[in-house]
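A short write-up of the structure that comes next.
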Amino acid sequence: MTIRKMIKEDKDIVFNMMKVFYNSDAVLTNGSDEIYNNDIDTCISDSPYLEGFVFTLNNEIIGYSMIAKSFSTEFGLPCIWLEDLYIIEKYRHLGYGSQFFKYLDDNFKNVIIRLEVEEYNLKAIECYKKNNYNFMEYKEMYKIK
């Protein structure tokens, strides 16, 4: 598998993957076409906040990820939020998720990497634990303004 930055030519494929991902049990919110388009457009722009990646196998896009960048005062480090991690179902459980986690480890030094997972998404939790992620017992709150 190859990991590369998302480009505008990837938009339709990633958009369709986002629709599947956000309408699955892995995510509580369903999103919208407007949100998906905005997310992808931000990934392929020069935004310092959101970066997008695609995973390819034999020149076919088999998955994508988006990371958001911030700073954690709790840990005193830059923070990488793993916002989306999606791999087409037939390519899951083959080590590609772990390969992306290694990519993050190799390319982002001296940071904390955070992610959210639904408690019943046991396969994802298994992958995250295998890659040395630990639970934090927070309840998250939000406000859209």
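In region 45-118, what is the volume of the convex hull around the alpha carbon atoms, normalised per residue and reported in Å³?
Here the figure is 111 Å³ per residue.
Compare the Cα positions of Leu115, Tyr142, Tyr128 along the charge dipole of region 105-145 (+1 at Cβ of Lys, Arg; -1 at Cβ of Asp, Glu; about the Cα centre) and return the one farthest towards the positive end.
Tyr142
Which of the pairs Lys69/Lys102; Lys11/Lys130; Lys109/Lys130; Lys11/Lys123; Lys8/Lys109 have their Cα atoms more than 24 Å apart in this structure? Display every interim value, and only then the final one.
On the way: Lys69/Lys102 18 Å; Lys11/Lys130 31 Å; Lys109/Lys130 19 Å; Lys11/Lys123 27 Å; Lys8/Lys109 27 Å.
Beyond 24 Å: Lys11/Lys130; Lys11/Lys123; Lys8/Lys109.
Given the options Leu28, Leu115, Leu82, state which has the largest fluctuation in a GNM of the chain using a 10 Å cut-off (strictly under) for Cα springs.
Leu28
About its Cα centre, how strong a charge dipole does the chain have in debye, to the nearest 20, once Lys and Arg get +1 and Asp and Glu get -1 at the Cβ?
Dipole size: approximately 340 debye.
Which of the chymotrypsin sites (Phe, Trp or Tyr not before Pro) across region 47-110 are loop residues per DSSP, with 13 or fewer other Cβ within 10 Å?
Sites meeting the loop and neighbour criteria: Tyr49, Phe75.
Taking the Cα centre as origin and putting +1 on Lys and Arg beta-carbons and -1 on Asp and Glu beta-carbons, what dipole magnitude results for region 1-66, to the nearest 20 debye?
Here the size comes out at about 160 debye.
With label points built 7 Å along Cα→Cβ from the Cα atoms of Phe75 and Lys90, find their separation and express it in nm.
3.6 nm
Checking the a/c ratio against 1.5 first, then a/b against b/c, what shape does the Cα gyration tensor give for the chain?
Rounded.
What range in the chain is the longest one free of GluC sites (Glu not before Pro) that are in a loop by DSSP and have at most 15 other Cβ atoms within 10 angstrom?
In short, 1-73.
May I ask for the distance between the Cα centers of region 58-109 and region 13-46, given as a whole number of Å?
Centre-to-centre (Cα) distance: 15 Å.
Here, each number is a calculation from the coordinates, and none is a lab measurement. The model shown is predicted, which means the values in this text are computed figures rather than measured ones. Virtual Cβ from ideal backbone geometry, glycine too; neighbours counted across all protein chains shown.
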